[in-house]
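Have a look at the structure below before the remarks.
The values are calculated or read from the model by the stated rules, or taken from the named source; none is laboratory data. No experiment lies behind these values; they were computed from the predicted model shown. Cβ: placed from backbone, ideal geometry, glycine included. Neighbour counts: every protein chain shown.
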Amino acid sequence: MPLFEFVCAACQTPFEELVRSSEAVKEVVCPACGSRQVRRQLSTIAAKRPSGSGGYASSASAAACAPGGT
Ligand SMILES: [Zn+2]
């Protein structure tokens, strides 16, 4: 069961929610204000990078030529 990060568009509160399916995403509400105007963040997936050297700027080109790592 994937854990997604959301940000409430109404009160800007970031939160995490377990979502079973794409249908369940529509049922997600903000825990702070109850608004359904939430946006799913993709930072969890994007954050998957090898630890160690490299930065936000250089990691993009490095990942392009090293898909599996060494
Ligand atoms: Zn909210």
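Return the total of residues in the stretch 5-25 being surrounded by 11 or more Cβ atoms within 10 Å (Cβ to Cβ) and modelled with pLDDT under 90. Before you say what the answer is, go through the steps one by one.
Pass one, the stretch 5-25, residues surrounded by 11 or more Cβ atoms within 10 Å (Cβ to Cβ): 5-11, 13-17, 19, 24-25.
Next, only the ones that are modelled with pLDDT under 90 stay: 19, 24-25.
Residues meeting the conditions: 3.
So residue 60 clears everything in (1) surrounded by fewer than 14 Cβ atoms within 10 Å (Cβ to Cβ); (2) part of a loop (DSSP other than H, G, I, E, B); (3) at pLDDT below 60; (4) of a type in the set (Gly, Ala, Ser) except one condition, right? Which one?
Residue 60 satisfies every listed condition except (2).
Mind checking which pairs have a first residue in the stretch 2-17 that is part of a strand (DSSP E or B) and a second that is among the small types (Gly, Ala, Ser), Cβ under 8 Å, 6 or more apart or different chains?
Here the result reads 5/43; 8/32; 8/35; 15/32, each pair linking the stretch 2-17 to a residue that is among the small types (Gly, Ala, Ser).
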